[in-house]
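Report on one structure; see the data block that follows.
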Amino acid sequence: MNHDTNPVNDSNGAETRTTLSPSAAILWASAFLIATLAIFQAGHLSPNPAFAGMATTTDEGFSLVTTSSGNGPKENPYEFLYVIDSSDESLLIYSIPNANNPSASKLVLMGGANLPRLFSAGRGG
């Protein structure tokens, strides 16, 4: 059995040999192989389409966020629209049925809440 050895000088200046065991060499080779495969696979990942999850804020104090409602086709799902009115401190939630068909889609008010009361209830008060 032939092990690779590398000469190393110790503190007295004497030359010693260190060996790399076969199991350690296999472990290091496996680690490099796995890291290489992970990097190559990450390059093949497709970007996530941005149908939902868009957010914007207006100068008038409105914040708007869309999220998937879980309905509709997987590649282009229907959405909810959350509107926060900063001046009125309110949250309004709209559904957008048939979001894939602009001529048939509409906003349907699902509900709303006063934000201070909502946060107070969330704190248990």
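The values are calculated or read from the model by the stated rules, or taken from the named source; none is laboratory data. Everything numeric here is computed off the predicted structure, so don't read it as measured data. Glycine also receives a Cβ, built like all others from the backbone with ideal geometry; neighbour counts cover every protein chain displayed.
Within segment 66-93, being among the hydroxyl-bearing types (Ser, Thr, Tyr), outside any strand (DSSP E or B) and surrounded by 15 or more Cβ atoms within 10 Å (Cβ to Cβ) holds for Ser69, Tyr78.
In segment 94-125, which residue that is basic (Lys, Arg) and assigned to a loop (DSSP other than H, G, I, E, B) is surrounded by the most Cβ atoms within 10 Å (Cβ to Cβ)?
Initially, segment 94-125 is screened for residues basic (Lys, Arg), giving 106, 117, 123.
Now narrow it down to the ones that are assigned to a loop (DSSP other than H, G, I, E, B): 106, 123.
Values: Lys106: 10, Arg123: 7.
The residue in question is Lys106.
Taken over segment 76-89, the criterion of being out of contact with any Leu (no Cβ under 6 Å at 6 or more places or on another chain) and either basic (Lys, Arg) or more than 17 Å from Ala55 (Cα to Cα) (or both) is satisfied by Asn76, Ser87, Asp88. When segment 44-65 is limited to residues that are in a loop (DSSP other than H, G, I, E, B) and at pLDDT 65 or above, the one that is surrounded by the fewest Cβ atoms within 10 Å (Cβ to Cβ) turns out to be Asp59.
Every listed requirement among (1) modelled with pLDDT of 80 or more; (2) touching a Ser or Thr at 6+ places or on another chain (Cβ under 9 Å) is met by Trp28 save one, (2). Pairing each residue of segment 93-122 that is within 14 Å of Gly72 (Cα to Cα) with any residue that is hydroxyl-bearing (Ser, Thr, Tyr) and at pLDDT 75 or above, provided the two are 6+ apart or on different chains, yields C-beta distances under 7 Å for Ser95/Ser69; Ile96/Tyr78; Ile96/Ser105; Pro97/Tyr78; Pro97/Ser105; Asn98/Ser105; Ala99/Tyr78; Ala99/Ser105.
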